[in-house]
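Trainee: Sharing a structure with you now.
The values are calculated or read from the model by the stated rules, or taken from the named source; none is laboratory data. This one's a predicted model, so the numbers in the text were calculated from it and none came from an experiment. When we count neighbours, we look across all protein chains shown, and the Cβ atoms used for this are built from the backbone with ideal geometry, even at glycine.
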Amino acid sequence: MEDLKTYIESGILELYVLGDLSPEEKLQVEDMASKYPLINAELDEIERSMELFAKNNAMEPADYLRDRVINSINTNLSEEGVIIPNNTKENVISLKQSKAYTFYKYAFAACLALLLASSVALVSLYNRLQESNTEIASLQSDKQRFANTVSLKDGELEVLQDASFKFLKLQGTAKSPVSQITVAWSPAKKKVWIDMRSMKMPVNDKEHQYQLWALVAGKPVDLGVFDKNADTADMKEMKPIATANAFAVTLEPRGGSVSPTMDEMMVIGKF
Amino acid sequence: MSRKRKISLSEDELVLALKNREKIAVEALYDMYSTSLYGVISRIVIDTATAEDVLQDTFVKIWHSFPSYSTEKGRLFTWMVNIARNLAIDKIRSKDFKNQNKNQELENNVTFIDEQRNTVYKPELLGIKELVETLKPEQKLILELVYFKGYTHVEAAEELGIPLGTIKTRLRMAILQLRKHFN
């Protein structure tokens with residue numbers, strides 16, 4: 001007991017309470033306290049008196065400090081993930097993305113949208129260009145057709161207006177009594193036309209064609225071949241000839257014959 | 001903000017709640033000990049804003065270090081007040097704090113010195129008047145050096161030019177005096 005009293009009076013327990021001992025000395029004091037209730041009681045007395053001392057010197061911190069301290073600990077509490085009370089969420093300020101990052105994000109999105117819109121516009125423009133090109137081609141072919149028609153009509157008009165042309169109606173033969181063809185011939189210009197519009201002939205098949213002949217001094221001269229189709233409606237210029245006594249049309253194999261097949265004579269007309 | 005009702009638990013309940021990392025424990029801890037701890041901190045760190053920072057750091061450290069506390073090693077308050085004292089003393093010894101005081105010295109010479117004197121020599125420093133009167137001057141001084149200035153008893157012995165044994169005895173006598181007063 002005397003040793004314990006000396007130990008207590010050495011002041012080591014006070015130093016222990018004030019935290020002024022090395023780790024080894026601290027362990028020694030704790031060991032003693034666990035062995036001897038007297039030392040434990042003495043320690044407790046010192047601790048209580050220091051606690052009361054602090055209590056008597058207490059100072060009230062500013063009111064706002066309570067929330068600041070509790071919030072700072074609750075933030076840690078949430079991070080630990082042990083207990084997350086609902087209201088601590090208010091204390092956790094979510095990290096804002098940096099403005100620059102947000103700017104680049106939107107800038108990239110804008111670029112992408114612009115690229116997409118441009119591509120769509122380009123494709124649509126390309127399609128319209130194709131349509132326009134097709135339209136131009138079709139208009140050009142139309143124009144060509146009209147030009148051809150006009151030049152043809154000019155030719156027809158010329159025939160009709162030219163006084164040197166003679167008109168001869170070739171009448172149907174016994175083989176085809178209803179057939180009829182009008183031939184316009186200018187001996188001066190050596191030009192021969194047939195009027196397809198007023199022509200009355202049976203429609204020829206694919207193996208045969210009509211052939212126009214001029215009879216010059218009793219001999220037949222080839223003036224070219226033509227077809228009778230459902231839609232033939234123009235004047236057709238045939239081969240030129242300066243003199244002729246008569247004109248006749250025979251049905252010949254396609255491409256025409258060197259000399260007419262007399263059995264197949266459809267129409268004939270004499271001047 | 002209106003002051004909330006203070007939460008108070010028994011020490012055992014508080015220790016259990018802290019061990020279980022309960023939110024209520026944080027509030028109870030603050031309500032039960034903030035004034036005592038702030039009193040000690042304020043006497044070590046004079047500047048109010050710094051003292052407030054130290055108080056916050058103290059509670060955060062108590063919370064984080066709590067797993068290392070054990071009731072067998074003594075009372076909860078003893079463990080906590082030593083954390084508070086260590087943080088406060090670290091603060092006044094830190095380079096930042098010293099520089100801050102140097103700047104103050106230029107600006108506010110007289111006031112600063114007065115404040116310094118306040119911490120060292122004002123009798124109210126060691127608490128209520130009757131208590132201070134019961135302590136002998138050398139007991140006050142040793143308590144001041146060790147408890148509020150962060151001297152180890154070895155450093156205090158060197159500073160005062162007194163044998164180590166005497167320092168220890170004086171410290172024991174000072175605390176015995178406190179014990180008598182509170183009993």
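Trainee: Give me the pairs, please: first residue somewhere in segment A:186-209 and over 24 Å from A:E264 (Cβ atoms), second residue anywhere and not hydrophobic (A, V, I, L, M, F, W, C), beta-carbon distance under 7 Å, and either six or more positions apart or on two chains.
Mentor: Pairs that qualify, where the first residue is over 24 Å from A:E264 (Cβ atoms) and the partner is not hydrophobic (A, V, I, L, M, F, W, C), are A:S186/A:D162; A:S186/A:S164; A:P187/A:T243; A:A188/A:S164; A:K189/A:S164; A:K190/A:P240; A:K191/A:E237; A:K191/A:P240.
Trainee: Same structure again: Restrict the check to segment B:42-51 and report whether at least one residue is within 9 Å of chain A (Cβ to nearest Cβ), buried (at least 17 other Cβ atoms within 10 Å of the Cβ), free of Cβ contacts under 8 Å to residues at least 24 places away in the same chain and of a type outside the set (D, E).
Mentor: Checked segment B:42-51: at least one residue is within 9 Å of chain A (Cβ to nearest Cβ), buried (at least 17 other Cβ atoms within 10 Å of the Cβ), free of Cβ contacts under 8 Å to residues at least 24 places away in the same chain and of a type outside the set (D, E).
Trainee: Which is more than 9 Å from chain A (Cβ to nearest Cβ) and among the hydroxyl-bearing types (S, T, Y), of B:Y38, B:Y69?
Mentor: That would be B:Y69, the only listed residue that is more than 9 Å from chain A (Cβ to nearest Cβ) and among the hydroxyl-bearing types (S, T, Y).
Trainee: Can you spot a residue in segment B:75-87 that is assigned to a helix (DSSP H, G or I) and either over 26 Å from A:I46 (Cβ atoms) or at pLDDT below 90 (or both)?
Mentor: Checked segment B:75-87: no residue is assigned to a helix (DSSP H, G or I) and either over 26 Å from A:I46 (Cβ atoms) or at pLDDT below 90 (or both).
Trainee: May I ask you to verify whether B:L176 is within 10 Å of another protein chain (Cβ to nearest Cβ), closer than 23 Å to A:E42 by Cβ and crowded, with 20+ Cβ neighbours inside 10 Å?
Mentor: Against the criterion (within 10 Å of another protein chain (Cβ to nearest Cβ), closer than 23 Å to A:E42 by Cβ and crowded, with 20+ Cβ neighbours inside 10 Å), B:L176 does not qualify.
Trainee: Right, here's the next one. Being more than 8 Å from chain A (Cβ to nearest Cβ) and closer than 16 Å to A:S72 by Cβ is the filter here, so list the residues in segment B:19-30 that pass it.
Mentor: Within segment B:19-30, B:A25, B:L29 qualify.
Trainee: Would you mind stating whether B:I24 is in contact (Cβ under 8 Å) with a residue 12 or more places away in the chain and surrounded by fewer than 21 Cβ atoms within 10 Å (Cβ to Cβ)?
Mentor: yes
Trainee: Quick one: B:K6 ticks every box in (1) surrounded by 17 or more Cβ atoms within 10 Å (Cβ to Cβ); (2) of a type in the set (K, R); (3) free of Cβ contacts under 8 Å to residues at least 40 places away in the same chain bar one, so which box is it?
Mentor: Exception for B:K6: condition (1).
Trainee: Still on this model: Considering segment B:134-167 alone, what residues qualify as being under 17 Å from A:S49 (Cβ atoms) and in a helix (DSSP H, G or I)?
Mentor: Matches in segment B:134-167: B:T134, B:Q139, B:K140, B:I142, B:L143, B:E144, B:V146, B:Y147, B:F148.
Trainee: Only one residue in A:S132, A:S94, A:S98 is more than 14 Å from chain B (Cβ to nearest Cβ), modelled with pLDDT of 90 or more and more than 24 Å from B:T71 (Cα to Cα), so which one is that?
Mentor: Criteria check complete, one pass: A:S132.
Trainee: Among the numbered criteria (1) in a helix (DSSP H, G or I); (2) facing chain B (nearest Cβ under 7 Å), which single criterion is violated by A:M59?
Mentor: (1)
Trainee: Here is a further query. State which residue pairs qualify: first residue acidic (D, E) and inside segment A:241-264, second residue part of a loop (DSSP other than H, G, I, E, B) in any location, beta carbons under 8 Å apart, and separation of 6 or more residues or different chains.
Mentor: Close Cβ pairs satisfying both conditions: A:E252/A:P260; A:E252/A:T261; A:D263/A:K175; A:E264/A:K175.
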